[in-house]
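First comes the structure, then the notes that go with it.
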Amino acid sequence: LERSVKRQECPLRANKNIFVFLGPPGSGKGSLSKLCVQTFGWNQISTGNLCRKHIAEQTEIGKQIDFAIKSGKLVSDSLVTEMVDGWLSEILETTTGIILDGFPRTTAQAQALNNLLVEKFNAIRLNVVKFNVPDDHVVVRLAGRYVCQNNNCQAVYSMVAGSSLRPKKEYTCDECSSVLSRRSDDTKESILERLKTYYIHEKDLLGFYQQHGQRIDEIDVNQELPIVFEKFQQLLGVGRR
Ligand code: AP5
Ligand code: MG
């Protein structure tokens, strides 16, 4: 049993690989991140999760960004960059792999990240993973998404009929037994706004990375999550000896 639960050795351990998960809302960035964290022991930062935590705790930042999040607009570059900077400084010494889930979202953030990496690592080593999924699938997924209301958990489930990502007990988190509910930005208007915003910036971001000679891998995420995870490992050669 001990062997079966032991974390998989991963050839990336030695060189702190950094992944940027770039994908539309509902493409499964958070869900794939979670599998990587559980399987490889990597660290994930979701700037969206951090923003929602601020809102739930009614911090000063939370009060400032509440409206932007609900309506599907981006929060300021400086605010999210500061969050990522603080987090990177905390985990840098011990981490074996880093997933940036939903950051950078603008070229200003991408430039700020490159600057941070040069400052912290003396080099830029980024794997950009672009998630591809049709918009109509995103809308179905987000209409069926339920999230744990415990801010320190925020586990994500799918109530879409027949999904393997349903919770064991209706509207109850498998991990912490807290109640599950919809996200405040999973309304039709907000989803459309988030999709529009995403595609405006996606083009610029891809251009930025191409210009900087940074690697971009694409994944078709319009398949079951375990298959997406397998594809991710194959694509990047991770999880293999
Ligand atoms: P954020 O929380 O990052 O939202 P998002 O980008 O819209 O992405 P989501 O979290 O909605 O989707 P996901 O790709 O993680 O999918 P998930 O795994 O949940 O950001 C929210 C807001 O914060 C932004 O709008 C902005 O205001 C602000 N913000 C955040 N970062 C920012 C930044 N850098 N700059 C400025 N502002 C920022 O999966 C979705 C559903 O599908 C779930 O129900 C899941 O169970 C299901 N699912 C997952 N994979 C599959 C699969 N393969 N097949 C079927 N169902 C699946
Ligand atoms: Mg997410």
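The values are calculated or read from the model by the stated rules, or taken from the named source; none is laboratory data. Because the structure is a prediction, the values reported are computed rather than measured. Cβ sites come from the backbone with ideal geometry, for glycine too, and all protein chains shown count toward neighbours. Heavy atoms of the whole protein, side chains included, go into the accessibility calculation; ligands, DNA and RNA do not. Shrake-Rupley method; radii C 1.70, N 1.55, O 1.52, S 1.80 Å.
Tabulated results
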read-out: Segment 48-73 residues that are of a type outside the set (A, V, I, L, M, F, W, C), paired with ones that are in a loop (DSSP other than H, G, I, E, B) and more than 8 Å from ligand 1 (Cβ to nearest atom) (beta carbon under 6 Å, 6 or more apart); value: Asn49/Gln154; Lys53/Asn151; Lys70/Ser184
read-out: Residue in segment 6-17 that is surrounded by fewer than 20 Cβ atoms within 10 Å (Cβ to Cβ) and either among the polar types (S, T, N, Q) or at pLDDT 90 or above (or both) present; value: yes
read-out: Single unsatisfied condition, Ile216 versus (1) touching a helix residue (DSSP H, G or I) at 6+ places or on another chain (Cβ under 7 Å); (2) more than 16 Å from ligand 2 (Cβ to nearest atom); (3) part of a loop (DSSP other than H, G, I, E, B); value: (3)
read-out: Segment 151-180, residues that are over 21 Å from Asn222 (Cβ atoms), open to solvent by 40 Å² or more (accessible area, probe 1.4 Å), modelled with pLDDT of 95 or more and assigned to a loop (DSSP other than H, G, I, E, B); value: Lys168, Tyr171, Asp174, Glu175, Cys176, Ser177
read-out: Residue match in segment 113-125 (condition: within 12 Å of ligand 1 (Cβ to nearest atom) and either open to solvent by 60 Å² or more (accessible area, probe 1.4 Å) or in contact (Cβ under 8 Å) with a residue 12 or more places away in the chain (or both)); value: yes
read-out: Enumeration of residues in segment 54-74 that are open to solvent by less than 60 Å² (accessible area, probe 1.4 Å) and either in a helix (DSSP H, G or I) or within 16 Å of ligand 2 (Cβ to nearest atom) (or both); value: His54, Ile55, Ala56, Ile61, Gly62, Ile65, Asp66, Ala68, Ile69, Gly72
read-out: Complete set of residues in segment 181-213 that are assigned to a loop (DSSP other than H, G, I, E, B) and open to solvent by 30 Å² or more (accessible area, probe 1.4 Å); value: Arg182, Arg183, Ser184, Thr187, His212, Gly213
read-out: Answer residue from segment 82-108, given it is in a helix (DSSP H, G or I), of a type outside the set (Asp, Glu) and open to solvent by 10 Å² or more (accessible area, probe 1.4 Å) and is farthest from ligand 2 (Cβ to nearest atom) among those; value: Ser89
